[in-house]
Amino acid sequence: MRFDQFVFRELIFRPATCLRGQNLFAYLRRMDGTQWLAPSQLADIQLSRLQALLPNARRLSPAYARRLAGLPERVTSLDTLRGAPTLSKQELRNEHAQLQSVRPGLLCVRKTTGGSTGEPVTILKTRSAMAWELAATWRGYGWAGVGIGDSQARFWGVPLDAKGRLKARLIDFVCHRRRYSAFDFNRQSFADYERRLLDFSPDWFYGYASMLAELARWYAETGRTCPVQPRAIVTTSEVLSPDDRAIIAKSFRSRVFNEYGCGELGTIAHECPAGRLHTSDENMIVEILDGERPCRPGEKGEIVVTELNNLALPLVRYRTGDFGSLSEEACPCGRTLKILDQVFGRAYDFIVSPSGRRFHAEFLMYIFEEAQRHEIGIAQFQVRQTSRDTLHIFAVPAPDGFKAEAQQKLVERIRTLLGEDMHIHVTLTDRIERERSGKMRIIVGLSQS
């Protein structure tokens, strides 16, 4: 281990997590062992946690007292879970206060997500649940050959407000990473990114799949490869197409590992060295449903997750809004965690401003996340760019309505950031349609409109 890796791992990251009451390193050691257990032993872990979760939820959450009333008092098998109703994102928003525990505990983390399926939500998470979530995440990164303390180049969004940017810089420092903005960039920005990469010499890259593919194509078009060769590249937040995987691997001369998750739950699955996406079975139960019907292995349906650790705001049979399938095959890597065979979920595009600046779709997601914190009145949304200077926002109003004043504030906020020449049209609708593939394209950029 290099000196800088030791410093960031043992003298910065470890104390920071301890101060937050998150026993991350102990949980990570346990998960490094449980990934090899027999499937029946993993099921026993899930059952034990479910036996703690469901009675707690029924006792301390008014909404779950109603929702779980039909279940037996004693949970004797994982099949008991199938008797519980599913929970949609809209139900989570509408019943948030009633779903939350009346005794959530101290040092809980509040997470507001931009809503990758166009439905922003907010949850409260206990420090223990956060530690289990982070342990699963770092275990997955370990499969890519990187660990806590390794330096990371992060191709990601930048918070829009000063307080958010300060918090992001602090977290980036603790995690030994530097941020390369996926917002407001052009081809000249990539030359600056290259200089910064050479100065930092990161051990690994992490970021939006489409952003890393965009940078990789810039290298391909200029007939070069990136002068910095990372140990691994981890892509996230979007469906990773075979073409994008290939160009990223070629331009950066490194293996690409994919991850799948959502803000409310954390990472759900990570790619192992054998190229399979393994679910974090110790932390959650993953189901695939066609409506309310359980899907057979290999059959496509909606990904529904029960998070087993968060007693502050339990997510029982939570509909992610993404679609996928589970596989029964044994993985060549030897891990016994379930395999998420396919994911037909989010697909983002880039937005181009009237001046020609390019913004990753997450830029607009940040704006809607910011609006959600102010209870703007949107249940679901989609943004389509039809020309260089025109955006169309399709919004499903929340039950209390998406009022004209709130619409105007949102439009003004987007114009401030994208440019005053951007024409923005808002249309209220009762439903956002999926594509035939099952993808939920929330930001539809100009190039694919």
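The values are calculated or read from the model by the stated rules, or taken from the named source; none is laboratory data. Being a predicted model, the structure only gives us computed values, none of them experimental. Glycine also receives a Cβ, built like all others from the backbone with ideal geometry; neighbour counts cover every protein chain displayed. Areas reflect the complete protein model, heavy atoms only, side chains present, ligands, DNA and RNA absent. Shrake-Rupley method; radii C 1.70, N 1.55, O 1.52, S 1.80 Å.
Each principal axis of the Cα cloud of region 138-195 was evaluated for its coordinate range; sorted largest first, these ranges are 33, 28, 17 Å. FRET efficiency for the ALA191 to LEU160 pair, using the beta carbon distance and R₀ = 25 Å, is estimated at 0.50. Taking all protein chains together and a 1.4 Å probe, the residues LYS111, LYS338, LYS89 rank LYS338, LYS111, LYS89 from largest to smallest accessible area. When the charge dipole of the chain is built from unit charges on Cβ atoms (+1 for Lys and Arg, -1 for Asp and Glu) and taken about the Cα centre, the candidate among SER48, ALA209, GLY419 whose Cα reaches farthest toward its positive end is SER48. Accessible area per residue for the chain, computed on protein heavy atoms with a 1.4 Å probe, is 42 Å². A 21 angstrom limit on the alpha carbon distance is what I want to check against. Which of LYS125/LYS167; LYS125/LYS338; LYS89/LYS125; LYS111/LYS167 exceed it? Violating the 21 Å limit, Cα to Cα: LYS125/LYS338. Considering only TRP143, TRP36, LEU107, the residue lying farthest towards the positive end of the dipole of the chain is LEU107, judged by Cα position with unit charges set on Cβ.
Counted residue by residue at 0.36 nm each, then reduced by the alpha carbon distance between them, the extension gain from ASP172 to GLU433 reaches 90.3 nm. The fraction of accessible area contributed by carbon and sulfur in the chain is 52 percent, rounded to a whole number (1.4 Å probe; ligands and nucleic acids excluded).
Around the amide H of ILE268, modelled in the peptide plane, lie the amide H atoms of TYR260, GLY261, CYS262, all under 5 Å away and 5 or more residues distant in sequence or on another chain.
Under 15 Å from a label point 7 Å along Cα→Cβ of ASP199: give me every residue in region 171-185 with its amide N that close. Residues 177-181 fall inside that zone.
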